[in-house]
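Remarks on the structure that follows.
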Amino acid sequence: MADQLILALDIGGTKVAAGLVRPDGTLLADAREPTRVAGGPDVVIDQLVALGRTVAGNRTPTVIGVGCGGPLDARRGIVQQPLNLPGWFDVPLVGRLEAAFGLPAYLDNDANAAALGEHRWGAGRGTRNMVYLTVSTGIGGGVIADGRLLWGETGNAAELGHVSVAYDGWPCVCGRRGCPEALASGTNIAARARAALAAGEPSSLSQLTEDAITAERVTEAVRQGDALATRIWDETTAVLGNAVANVLNTFEPEVLVIGGGVSRAGDLLFEPVRNLALQLALPPQRHARIVPAELGDQTGVLGAAAVAIDRQETREPVEAA
Ligand SMILES: [Zn+2]
């Protein structure tokens with residue numbers, strides 16, 4: 001393992017990234033570019049292969065790790081139908097990459113990959129029980145239970161953004177009500193602010209064009225004491241606090257790591273979420289540390305590298321499609 005060199009590939013709806021990573025997490029080279037998403041899977045896979053060859057340069061990787069938006073079948077290496085990659089349907093990504101590079105490849109969804117990266121090299125280092133929660137355009141999760149990534153049957157476990165906190169609450173695209181993602185994701189924080197402005201609620205945000213209203217702008221307005229933004233933020237942290245309490249009750253982690261764009265709000269997010277979650281969780285679960293992710297912009301690439309290392313260490317050989 002020590003002489004391995006990992007080619008780490010990260011596929012998102014807005015960017016693709018590649019990195020060359022040592023088993024100790026040292027990033028030797030990396031590159032990223034906008035995803036040619038309109039071209040469909042063939043174009044994006046060609047783009048990924050070219051980017052991988054660029055970062056490898058004259059060095060020879062020994063294994064490939066890939067992170068991609070789900071749903072996907074991690075066991076069989078098939079990307080099923082990610083919302084952020086239109087036109088992808090049952091794409092045998094692992095098989096395609098293994099053919100292109102002549103190397104073994106391992107795939108997992110981006111939240112599981114980030115969880116593995118944070119556990120190996122970030123805020124979850126040295127723990128046996130860790131949960132990673134990403135609050136970004138969506139809300140996703142990855143669980144390390146008793147030292148091992150919790151996969152479920154096909155690797156789609158830990159959809160923490162769709163564990164409802166209100167059975168008769170707000171509707172979600174998944175068909176249920178009260179899902180944390182449908183209220184507290186970055187996308188939905190911004191959408192709720194726009195809806196409140198459209199309903200005529202006064203706010204400093206009304207100076208902005210509709211497109212300029214983002215979760216980040218909402219948090220800035222909260223810091224300036226804006227009433228509309230504060231109401232939306234208080235609802236957001238209440239939902240996230242309840243979601244985190246569910247996670248603590250379910251998995252009893254030593255540390256719960258929150259990453260994703262919305263986590264950049266810092267204490268504005270962490271203080272109320274931590275206070276509420278630790279108050280709502282059952283007494284034996286109240287010891288968890290609730291902390292920010294540490295890998296930042298390198299989450300995608302280091303997470304993909306961690307997928308390759310983890311699978312070689314812990315999983316049975318699987319047949320790629
Ligand atoms: Zn849902």
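Could you tell me which of the residues G70, G19 is in a loop (DSSP other than H, G, I, E, B) and surrounded by 21 or more Cβ atoms within 10 Å (Cβ to Cβ)?
Exactly one of G70, G19 is in a loop (DSSP other than H, G, I, E, B) and surrounded by 21 or more Cβ atoms within 10 Å (Cβ to Cβ), namely G70.
Can you work out which of the residues in segment 104-128 that are touching a Pro at 6+ places or on another chain (Cβ under 8 Å) and assigned to a loop (DSSP other than H, G, I, E, B) is surrounded by the fewest Cβ atoms within 10 Å (Cβ to Cβ)? Spell out how you get there, then give the answer.
In the first step, residues of segment 104-128 are kept if they are touching a Pro at 6+ places or on another chain (Cβ under 8 Å); the result is 109, 123, 127.
If we keep only those that are assigned to a loop (DSSP other than H, G, I, E, B) too, we end up with 123, 127.
Working: A123: 20, T127: 17.
That would be T127.
Restricting attention to segment 229-237, does a residue exist that is in a helix (DSSP H, G or I), surrounded by 15 or more Cβ atoms within 10 Å (Cβ to Cβ), at pLDDT 95 or above and of a type in the set (D, E, K, R)?
Within segment 229-237, one or more residues are in a helix (DSSP H, G or I), surrounded by 15 or more Cβ atoms within 10 Å (Cβ to Cβ), at pLDDT 95 or above and of a type in the set (D, E, K, R).
Could you give every pair whose Cβ atoms fall below 8 Å, whose first residue belongs to segment 21-42 and is closer than 19 Å to A308 by Cα and touching a residue at least 40 places away in the same chain (Cβ under 8 Å), and whose second residue is part of a helix (DSSP H, G or I) and charged (D, E, K, R), counting only separations of at least 6 or pairs across chains?
The qualifying pairs are G25/R120.
I need a count of the residues in segment 139-195 that are away from the ligand (no atom under 16 Å from the Cβ), open to solvent by less than 70 Å² (accessible area, probe 1.4 Å) and in a strand (DSSP E or B).
5
So is V135 of a type outside the set (D, E), within 16 Å of the ligand (Cβ to nearest atom) and within 15 Å of the chain's Cα centre (by Cα) or not?
yes
Looking only at segment 263-314, filter to residues that are over 17 Å from the mean Cα position of the chain (by Cα) and of a type in the set (S, T, N, Q); which one of those is least open to solvent (accessible area, probe 1.4 Å)?
Restricting to residues being over 17 Å from the mean Cα position of the chain (by Cα) and of a type in the set (S, T, N, Q), the top hit is Q285.
Can you tell me which residues in segment 285-321 are at pLDDT below 90 and not hydroxyl-bearing (S, T, Y)?
Result: E313, R315, E316, P317, V318, E319, A320, A321.
What is the number of the single condition among (1) under 20 Å from A215 (Cα atoms); (2) of a type in the set (V, I, T); (3) open to solvent by 10 Å² or more (accessible area, probe 1.4 Å) that T250 does not meet?
(1) is the only condition that T250 fails.
What about T209, is it assigned by TED's automatic domain parsing to the domain that holds S164, open to solvent by 10 Å² or more (accessible area, probe 1.4 Å), within 25 Å of the chain's Cα centre (by Cα) and over 16 Å from L276 (Cβ atoms)?
no
The values are calculated or read from the model by the stated rules, or taken from the named source; none is laboratory data. Everything quoted here is computed from the prediction, not taken from an experiment. Note that each Cβ is placed from the backbone with ideal geometry, even for glycine, and that neighbours are counted across all protein chains shown. Keep in mind that these areas ignore ligands, DNA and RNA; they rest on the heavy atoms of the full protein, side chains included. Shrake-Rupley method; radii C 1.70, N 1.55, O 1.52, S 1.80 Å.
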